[in-house]
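The structure appears right after this line, and notes come after that.
None of the figures in this text is laboratory data; all of them are computed from the coordinates on show. Just so we're clear, the structure is a prediction, and the values are computed from it rather than from any experiment. Counting neighbours? That spans all protein chains shown, and the Cβs are built from the backbone with ideal geometry, glycine included.
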Amino acid sequence: MAVSARTKAAAALALLVVVVLVATRPRAPAAPQFEYSAHGFRVNGGPSRPLLEPNEAEYQMSEGGQDRVLWEELFRNDSQADSGFFVEFGARGGVYDSNTYFFEKKLGWRGLLLEASPTEQKTIGADRPLSAAIDGGVCESDQKLEFAAAEKGWGGRLDSYDKSRAKTAAFQTLIVPCFTLRTLFDLFRVRHVSYMSVDTEGSELLALKGFPWGEVSVDVVGVEVVTGSPDRLAKEAELLDYLRSKGMVVFIEYQFAKDTKDVFFRPAAPSRRAANDYAHFEKMRALCVRMQRCLGPAR
């Protein structure tokens, strides 16, 4: 028994030495971590709330409830909510994951949809009869450029495509037309935008630089922001600085996926809403279809 006790004591001492050595071993500096936010949304910097599920019976088809949160937090109490105008790029097929389908189908809004990927365009013209669905993208200048046409709505201009996503996304490279928002607004005589939805997989800031700030008023701008790496965080900071310089402030932060959120911006000070020329809009929409620059049947 005495030998057994000494053996146990020696084993315990050896284990203690190993534990001490491991605990005091020099460690390499920890790599910086970019934590993902929990799902939820905040309004005007307030407490986090649970996400809102889209109600498909009400034609709410956004990916994570973006259309519903804007309706409940902004447009439900807007006296002009039945005469709104939207802009959405990239619009994909116009229904599935659309941030603006609810506003057209339920409220009768008109709008501009832009989608440059042929695989996404197949039904957009038929499913969005009140919209001008334009075959092309939105840029900081009118031009033609290389476009990465990818599945799952991950298409975007090649020169600013998200680096992390490019490693895993399978895409086809195309040359597509790209227009400034100023050009589009002048063409369709748009002077007020109720809701602009921006999702271009990395080129959101470049697209917004073509907006005629001070000439066209806007109620809310929603921008998809992908987080989780130094490059992405730097892009987000640059986007925030730019929109703040244009008099916009953060209204809602809507974290609907592990590394993806929509940030909604509103004017810091109320602006006068100018009237859109909807008779001209309809004429130009029909002409755009006949010239094969818009998708869908002419009316």
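Laid out as a table, the results:
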read-out: Given charges at beta-carbon only (K, R positive; D, E negative), |dipole| of segment 40-295 in Debye; value: 420
read-out: Backbone HN-Hα couplings from phi across segment 247-264 [Karplus 6.51/-1.76/1.60, Hz, Gly and Pro as x]; value: x, 9, 10, 5, 9, 9, 10, 10, 8, 9, 9, 3, 10, 9, 9, 9, 10, 9
read-out: Charge tally in the Cβ shell below 11 Å around MET61, where Lys, Arg are +1 and Asp, Glu are -1, MET61 excluded; value: -3
read-out: Cut-off 14 Å between beta-carbons: net charge of the residues surrounding LEU113, Lys and Arg +1, Asp and Glu -1; value: -1
read-out: Descending principal axes extents, segment 176-298, alpha-carbon based, whole Å; value: 45, 34, 22
read-out: Shape call, segment 26-147: gyration tensor on alpha carbons, a/c limit 1.5; value: oblate
read-out: For segment 40-295: Kirkwood Rh in Å [reciprocal of mean 1/r, alpha carbons]; value: 18.2
read-out: Table column - 3J(HN,Hα) (Hz), segment 139-146, Karplus curve with 6.51, -1.76, 1.60, x for Gly and Pro; value: 9, 7, 8, 6, 6, 10, 8, 7
read-out: Flagged links, alpha-carbon separation over 27 Å, of LYS122/LYS246; LYS106/LYS261; LYS235/LYS258; LYS246/LYS283; value: LYS122/LYS246; LYS246/LYS283
read-out: Where labels lie 7 Å past Cα in the beta-carbon direction, separation of ASP82 and ALA286 in nm; value: 2.6
read-out: Residue-wise HN-Hα coupling along segment 233-241, computed from phi with Karplus coefficients 6.51, -1.76, 1.60 (Hz; x: Gly, Pro); value: 5, 5, 5, 5, 5, 5, 5, 4, 4
read-out: Net charge over other residues, Cβ less than 11 angstrom from the Cβ of VAL190 (K, R count +1; D, E count -1); value: +1
